[in-house]
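Right, I'll just put the structure down here and ask away after.
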Ligand code: NAP
C-alpha cells in the first residue's frame, strides 16, 4: 500500500471518525522515534498524522543553504538505528532527512503514516475518555491516547517591523527558503544572527551583490570540529558496530561535560569563552568588525554556535554588519534608527521560532474544553516535559523544559519515548483507560526545575534569549543540567504520580463537539467522577 495515500476508514465515511488507540502528531525525530518504538514493543494500533507529504519534521522544513546539524551525527541519531554511513561528523540536512526516510522503511512504520493531515483541533472527551481529532483535510480521528511530537521549533517567527507590508522585493523566513529566487547579483538584507543565519550567510555571501546583516545581539561562536568521516571509519562502523557505539559514547560524554559550565559552575564558561575569543581574533582582522562581533554577555547564556566560515564571510568586501536597530522597512530598503537607508531586493528573516507558545490557540483542549494556551498563560510547564494535569492521556515529546543547549536532543526524545511506553504498559497492566498526572506532583517538579534554572547560566549570564518566556522571564524551554539526569528521571513510571481512570461505560456515546463547548458545570462533574474513580 502507498504510505502517502490516506487509506483510513474515515476516507470512505467522512462523518465517522477513524478509531485508533494511539494518535501521534508529527513525523520528525520525536514522532518517528515513538512510532518505531511502539511497533518494537508490540503496540500496533496507532496512526501518525503528518501535515506535510513526507516525513522529517524540522529536517524536512528547514532546507536553507548550509543547513546542517550542530551536534555530531553519531550522537544525533537513534540509539536503535545507528547509521554507519554518515558522511561527515556534522551531517547536512539532506543526509539527516534521508536517514529519517530510511528509518521509516527499516522499521516498517509506513503503514501507520497519514500525510496531508494537519491537526486543527484535539479535544478531550471526558465522558468517553477519548481524544477527538480534526484535521484540515476534513478527516477526524478518535484516539484513546494523544502524543504530540510537533516539535518546539516549528512555527516560524517573523518580526512585525513597521512598513514590512510595503516591501516590493522578495521576502522569506529561513524555514521557508525560496530556492527558486536567484540571489545572484541581488542586494540582500539578512535579519538575525542565530544558529540558522550563521549557517546560510556564508553560503549566500559569495553569490550576492551585497549582503547587509542586521545584528541585534552577537552570538558566541566556537570552531566547528567538522570533517569527512573516513572510509575506514565507515567500514569499521558497518562491520564492527561496537566501534560506532564507542564513538557515540565518547561524543556523548564530551558533550555532557559541557553541562558543568551551563548549570553547575557558570564561572567555568569564562574559560570556554577564551576559546571563542581566540577564534574571533584569528578569523577577523579588522578590529572594528571584531568589536562589533564580540558579545557582552557570558558565553552559554544564549545558544553557543559553531562555525568555521561565518566570520570569514562577514569579512568579505560585499558584506556589512549593521547594529543600529531596524526602524522600518520601505518598498525597497531597510531603514535603521540612525536614519541610514539600506537598499534591498530581498529580505531574509533568520529570526527564529515562536517558542513560548508551542501550540496555536484552539488546537489542544483538555478536560472541559480548556485550551492549553490558557493553561500555559504564565508560561509552559509539564511533568517531565511530558504530561499535564487536566489533559488525560496526553503526552508531549520535546515538551516544556526538555530542550538542551549542550547535548543531543535525540537523547531527550528517546528518554521521553521510553517513559511514554512505560506509561502505556502500566495502564495496560492496571486496566486503566486513562491517566492524568496529579497536580501537586507536577507543581513540585516544576518548582524544583525553576529553582535549578535560577542558578544556571541562562538566567545569570546577562542576556535575553528565546529560552526565556517573554511574558514572565521564566525559562520554560531548557532542561537544567546533565541529560543523563533526565534519562534517570524518566527511566521509571510511577502510577502513584497519576490518577488512573477506569474505562468509560460502553453505552456512553456523546457528541464530541457539544462536549467541547461544555460549560463549567460539566468540567466540575468531570472532575468529580475522575476523583471518584481515581485509583
Ligand atoms: P534564533 O536563534 O532564535 O535567532 C534569531 C535571531 O534573530 C537572533 O539573532 C535574534 O536577535 C534575531 N531577531 C529576532 N527578532 C528580531 C528583530 N525583531 N529584529 C532584529 N533581530 C531579530 O533562531 P534560529 O537561528 O532560527 O535558531 C533557532 C534554534 O533552532 C536554535 O537555537 C537551535 O536550537 C535550532 N537550530 C539548530 C540548528 C542545528 O544545527 N542543529 C540549526 C539552526 C537552528 P537576538 O539574539 O537579539 O534576539
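The values are calculated or read from the model by the stated rules, or taken from the named source; none is laboratory data. Source: prediction; values computed, not measured. Ideal geometry is used to build each Cβ from the backbone, glycine not excepted, and the neighbour counts take in all protein chains shown.
Could you go through region 341-359 and let me know if any residue there is more than 15 Å from the ligand (Cβ to nearest atom), surrounded by fewer than 23 Cβ atoms within 10 Å (Cβ to Cβ), at pLDDT below 95 and not in a strand (DSSP E or B).
Looking for residues that are more than 15 Å from the ligand (Cβ to nearest atom), surrounded by fewer than 23 Cβ atoms within 10 Å (Cβ to Cβ), at pLDDT below 95 and not in a strand (DSSP E or B), one finds at least one in region 341-359, hence yes.
May I pose another question? Scan region 320-345 for residues that are in contact (Cβ under 8 Å) with a residue 40 or more places away in the chain, under 20 Å from residue 205 (Cα atoms) and in contact with a strand residue (DSSP E or B) (Cβ under 7 Å, 6 or more places away or on another chain) and report the count.
The number of residues fulfilling the criteria is 9.
Restricting to region 464-489, name every residue that is within 16 Å of the ligand (Cβ to nearest atom) and surrounded by 18 or more Cβ atoms within 10 Å (Cβ to Cβ).
465, 466, 467, 468, 469, 475, 476, 477, 478, 479, 483 - these are the residues of region 464-489 that are within 16 Å of the ligand (Cβ to nearest atom) and surrounded by 18 or more Cβ atoms within 10 Å (Cβ to Cβ).
Would you pick out the residues in region 465-480 that are in contact with a helix residue (DSSP H, G or I) (Cβ under 8 Å, 6 or more places away or on another chain) and either under 9 Å from residue 449 (Cβ atoms) or at pLDDT below 90 (or both)?
Passing the criteria: 465, 467, 468, 474, 475, 479, 480.
How many residues does region 48-77 contain that are free of Cβ contacts under 8 Å to residues at least 60 places away in the same chain, more than 12 Å from the ligand (Cβ to nearest atom) and farther than 19 Å from residue 172 by Cβ?
Matching residues across region 48-77 total 2.
If you don't mind, another one. Only residues that are modelled with pLDDT of 65 or more, exposed (fewer than 15 other Cβ atoms within 10 Å of the Cβ) and in a helix (DSSP H, G or I): list them for region 1-41, please.
Within region 1-41, just 40 meets the criteria.
For residues that are within 15 Å of the ligand (Cβ to nearest atom), in a loop (DSSP other than H, G, I, E, B) and in contact with a helix residue (DSSP H, G or I) (Cβ under 9 Å, 6 or more places away or on another chain), scanning just region 156-193, find the one that is nearest to residue 355 (Cα to Cα).
It comes out as 158.
Scan region 81-108 for residues that are touching a helix residue (DSSP H, G or I) at 6+ places or on another chain (Cβ under 8 Å), within 16 Å of the ligand (Cβ to nearest atom) and part of a helix (DSSP H, G or I) and report the count.
Looking only at that region, the number is 4.
Further, regarding this structure: Can you list the helices (runs of 4 or more DSSP H) found entirely within region 366-484 that contain at least 2 residues being without any contact (Cβ under 8 Å) to a residue 40 or more places away in the chain?
The helices (runs of 4 or more DSSP H) meeting that bar are 372-375, 409-430, 439-455.
Can you tell me which residue is farthest from the ligand (Cβ to nearest atom) among those in region 194-211 that are in contact with a strand residue (DSSP E or B) (Cβ under 7 Å, 6 or more places away or on another chain) and assigned to a loop (DSSP other than H, G, I, E, B)?
For region 194-211, the residue satisfying everything is 209.
Please go through region 198-251 and pick out each residue that is under 17 Å from residue 83 (Cβ atoms) and surrounded by 15 or more Cβ atoms within 10 Å (Cβ to Cβ).
Hits for region 198-251 are 226, 229, 233, 234, 236, 237, 243, 244, 247, 248, 251.
Would you kindly identify the helices (runs of 4 or more DSSP H) lying entirely within region 212-304 that contain at least 2 residues that are in contact with a strand residue (DSSP E or B) (Cβ under 7 Å, 6 or more places away or on another chain) and at pLDDT 95 or above?
In region 212-304, 269-283, 287-292 are the helices (runs of 4 or more DSSP H) which contain 2 or more residues that are in contact with a strand residue (DSSP E or B) (Cβ under 7 Å, 6 or more places away or on another chain) and at pLDDT 95 or above.
Looking only at region 320-342, which residues are under 12 Å from residue 189 (Cα atoms) and touching a helix residue (DSSP H, G or I) at 6+ places or on another chain (Cβ under 8 Å)?
321, 329
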